[in-house]
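Everything below concerns the one structure shown next.
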Amino acid sequence: LMKMEKQTIMTQAIRALKGTKSLAGWNISHFTIEKFQLYVIKQGEFESHIESTRDDLHVTIYTKSKDFLGELSFSLTSSDEKKIKSAIRDAKLLASHVRQNPFALAAPSKKNTSYVALADEVLLDARKKGTLNSLMEKSASSIIAEFKKYKGVRLSCMELHVIFTKNNLRTSKKINLTNETTKVYWELVITAGSGKKEQEY
C-alpha cells in the first residue's frame, strides 16, 4: 500500500484503539522497509539490481481479566474504519483467552538515555547520494576476487541484500519513537571439486 495510505491507517487505528473500552494497553508500529538487491551470476557477472519498498503496520493489544493479561498481535492492511474496528474487536476477543502473568507496559523514560546507532552511517550516506548500487558492486567484487585465489573452487552465483527499516512506534503509554536500522547479508552458491567430483554449497 502507498505510504500516505499507511499513515492514514495508523491515524485511524490509533483513534479506534483509544475509543475501545476495556483495553489494558496497545502499541502500533509502522514499518517502512527498503530493500536493495544485487544478483551476481556466471562467476562474477553482475546480472541485475532490484529495489523495492514495503510498508507494514503491526498492532498489539493487551486485555486484563482477574489476575491474567491477554495479548494479541495482528496486521492492518485497510484504511476502512469499519474494518479497523472489526479487526480490533476480533483481536480483543482472542486476547481475552490468552492467560499470562501480568506485567507493566513500558512507559516513557524520565531519564536521558544514551543513543545507540542501529543504522550504518556509510549505507545511509550512500543511499542519500544515490551511490548504494556502486557500493554494493564494489563489495561484491571483493568477494569475487577471493575465488581467484583457490583452484577447484568457483562462485556459481551470489545475492547481496541491503535492507533499511524505519519504525515509528506509538503506544497507549504515550511513547512516540522513530528509529532506523540497516541489515546486510549475502547468499552464495559455491561449487568446489577435484577431477570429476564436485560438491555445491
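The values are calculated or read from the model by the stated rules, or taken from the named source; none is laboratory data. This structure is a prediction, so every number in the text was calculated from the model and none was measured. For neighbour counting, all protein chains shown are included, and Cβ atoms are generated from backbone atoms with ideal geometry for every residue, glycine included. Surface accessibility is based on the protein's heavy atoms, side chains included, excluding ligands, DNA and RNA. Shrake-Rupley method; radii C 1.70, N 1.55, O 1.52, S 1.80 Å.
Brief remarks on what is shown
- Flag for residue 64 being without any contact (Cβ under 8 Å) to a residue 24 or more places away in the chain and over 26 Å from the mean Cα position of the chain (by Cα): no
- Taken together, the residues in the range 91-138 that are under 27 Å from residue 65 (Cβ atoms) and either in a loop (DSSP other than H, G, I, E, B) or touching a residue at least 12 places away in the same chain (Cβ under 8 Å) (or both) amount to 17.
- Among residues of the range 97-117, those that are surrounded by 12 or more Cβ atoms within 10 Å (Cβ to Cβ) and under 20 Å from the mean Cα position of the chain (by Cα), counted: 0
- Any hit, the range 182-198, residues being assigned to a strand (DSSP E or B), open to solvent by less than 40 Å² (accessible area, probe 1.4 Å) and at pLDDT 95 or above: yes
- Taking first residues from the range 181-192 that are among the basic types (Lys, Arg) and partners that are in a strand (DSSP E or B), the Cβ contacts under 9 Å between residues at least 6 apart in sequence or on separate chains come to 183/161; 183/162; 183/163; 183/164; 183/165.
- Candidate set: the range 70-96, residues that are more than 14 Å from residue 13 (Cα to Cα) and over 27 Å from the mean Cα position of the chain (by Cα); chosen: the one modelled with the lowest pLDDT: 96
- Filtered residues of the range 63-78 (kept if open to solvent by 40 Å² or more (accessible area, probe 1.4 Å) and assigned to a loop (DSSP other than H, G, I, E, B)): 66, 67, 77
- Unmet requirement for residue 145, which otherwise passes all of (1) part of a loop (DSSP other than H, G, I, E, B); (2) surrounded by 10 or more Cβ atoms within 10 Å (Cβ to Cβ); (3) without any contact (Cβ under 8 Å) to a residue 24 or more places away in the chain: (1)
- Sole exception among (1) free of Cβ contacts under 8 Å to residues at least 40 places away in the same chain; (2) surrounded by 12 or more Cβ atoms within 10 Å (Cβ to Cβ); (3) within 30 Å of residue 148 (Cα to Cα) for residue 37, by number: (1)
- Annotation note: Cβ proximity below 6 Å between a residue of the range 158-172 that is at negative phi and a residue that is of a type in the set (Val, Ile, Thr) (sequence gap 6+ or interchain) occurs for 158/40; 162/184; 164/182; 165/33; 165/181; 166/32; 168/178; 170/28.
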